[in-house]
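Inspection log for the structure reproduced underneath, given as structure tokens.
The values are calculated or read from the model by the stated rules, or taken from the named source; none is laboratory data. Not measured: the values here are computed from a predicted model. All Cβ positions, even for glycine, are placed from backbone atoms using ideal geometry, and neighbour counts span all protein chains on display. For accessibility, only protein heavy atoms count, side chains too; no ligands or nucleic acids. Shrake-Rupley method; radii C 1.70, N 1.55, O 1.52, S 1.80 Å.
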Amino acid sequence: EKVDLKILTALVESKEVGSRSRRRASIAAVAVARAIVLGPEAVQKLKELGKGYSPQKDAAPRELPSDAVIVEVIDALPVDWQWVAGLCATYGARPHEALMKAHVHVNGLVAIGGGKTGARQGLPLPKAWIERWSLERKRLPEINLDRDHRTVGAQLGVALRRFGAPFKAYDLRHAWAVRTIHIGLPDTVAARMMGHSVAIHTRTYHHWITRRDQQQAVDAALARHRQSGGTALVTP
């Protein structure tokens, strides 16, 4: 069957509006349209169909699993997947980093040997999870690691779905980031440990950072109020 604008449009429209898969389908359709010279109007239409996706929609879901849910799920995993999921939960590592590039030192720090954004170290939050899942003893599932990092990293998500986890693999990383916000770890430090820029960190976790800053402002105002004998909040 001959490829034309109608077929390319149907391909893009078969994906959910605003989704990553629709955005990718749009990019692919635009490339095909240009290759077979359908013209600028067709290219523009296919571009428009792919609009509405933002990485932050996937990157920072507002409903993250609680620590109790995370523990319940990871406790029930086979020991090899338990190590991988536990590392992502405890250190905020990306799934492919846990599978391909991570090592826990005897001092409790994790070393990420290269990867998407270079080598780095990270803190355990909470530290008790190191012992709970024996993270100092590296264990990997029997999967093919000789593939690109996206394909390898996706295997954790596949495993979590197979074992009935009510959250996505990347939610473990996001939950770690929110934990750093709650304990007051500076955003610059947290961003460095997660292996991304402060700008990306601030944008991705804006919702939780804003709530933290608002709470800190309220706490500071209440402290001044108490120190002044109850008059600091009274306006003249």
Quiz item: Mind checking which pairs have a first residue in segment 15-42 that is among the β-branched types (Val, Ile, Thr) and at pLDDT below 90 and a second that is open to solvent by 20 Å² or more (accessible area, probe 1.4 Å) and assigned to a helix (DSSP H, G or I), Cβ under 9 Å, 6 or more apart or different chains?
Solution: 17/49
Quiz prompt | Long-range neighbours under 8 Å by Cβ, at least six apart or interchain, first residue on the phi > 0 side of the Ramachandran plot within segment 195-219, second assigned to a helix (DSSP H, G or I) and at pLDDT 90 or above | solution = 195/97
Quiz item: Can you pull out the residues in segment 1-27 that are part of a helix (DSSP H, G or I) and touching a helix residue (DSSP H, G or I) at 6+ places or on another chain (Cβ under 8 Å)?
Solution: 5, 8, 9, 11, 12, 13, 20, 22, 25, 26
Practice problem: Read through the list (1) open to solvent by 70 Å² or more (accessible area, probe 1.4 Å); (2) over 23 Å from residue 204 (Cβ atoms), then give the number of the only condition that residue 140 fails. | Solution: (1)
Quiz item: Of the residues 123, 135, which is over 15 Å from residue 84 (Cβ atoms), of a type in the set (A, V, I, L, M) and crowded, with 17+ Cβ neighbours inside 10 Å?
Solution: 123
Exercise. For segment 83-120, enumerate the residues that are polar (S, T, N, Q), open to solvent by 20 Å² or more (accessible area, probe 1.4 Å) and in contact (Cβ under 8 Å) with a residue 12 or more places away in the chain.
Key: 117
Quiz item: Does at least one position in segment 197-207 carry a residue that is loosely packed, with under 11 Cβ neighbours inside 10 Å and out of contact with any Cys (no Cβ under 9 Å at 6 or more places or on another chain)?
Solution: yes
Quiz item: Looking only at residues in segment 155-168 that are surrounded by 15 or more Cβ atoms within 10 Å (Cβ to Cβ) and aliphatic (A, V, I, L, M), which one is nearest to residue 96 (Cα to Cα)?
Solution: 156
Quiz item: Scanning segment 62-92 for residues that are part of a loop (DSSP other than H, G, I, E, B) and under 14 Å from the mean Cα position of the chain (by Cα), which turns out modelled with the highest pLDDT?
Solution: 92
Quiz item: Does segment 183-236 hold any residues that are at pLDDT below 80 and not in a helix (DSSP H, G or I), and which are they?
Solution: 228, 229, 230, 231, 232, 233, 234, 235, 236
Quiz item: Can you spot a residue in segment 170-182 that is at pLDDT 95 or above, closer than 15 Å to residue 82 by Cβ and within 15 Å of the chain's Cα centre (by Cα)?
Solution: yes
Self-check item: Filtered residues of segment 1-29 (kept if small (Gly, Ala, Ser), surrounded by fewer than 17 Cβ atoms within 10 Å (Cβ to Cβ) and closer than 14 Å to residue 48 by Cα)
Solution: 10, 18, 19, 28
Quiz prompt | segment 149-173, residues that are in contact (Cβ under 8 Å) with a residue 60 or more places away in the chain, more than 22 Å from residue 205 (Cα to Cα) and not in a loop (DSSP other than H, G, I, E, B) | solution = 155, 156, 159, 160
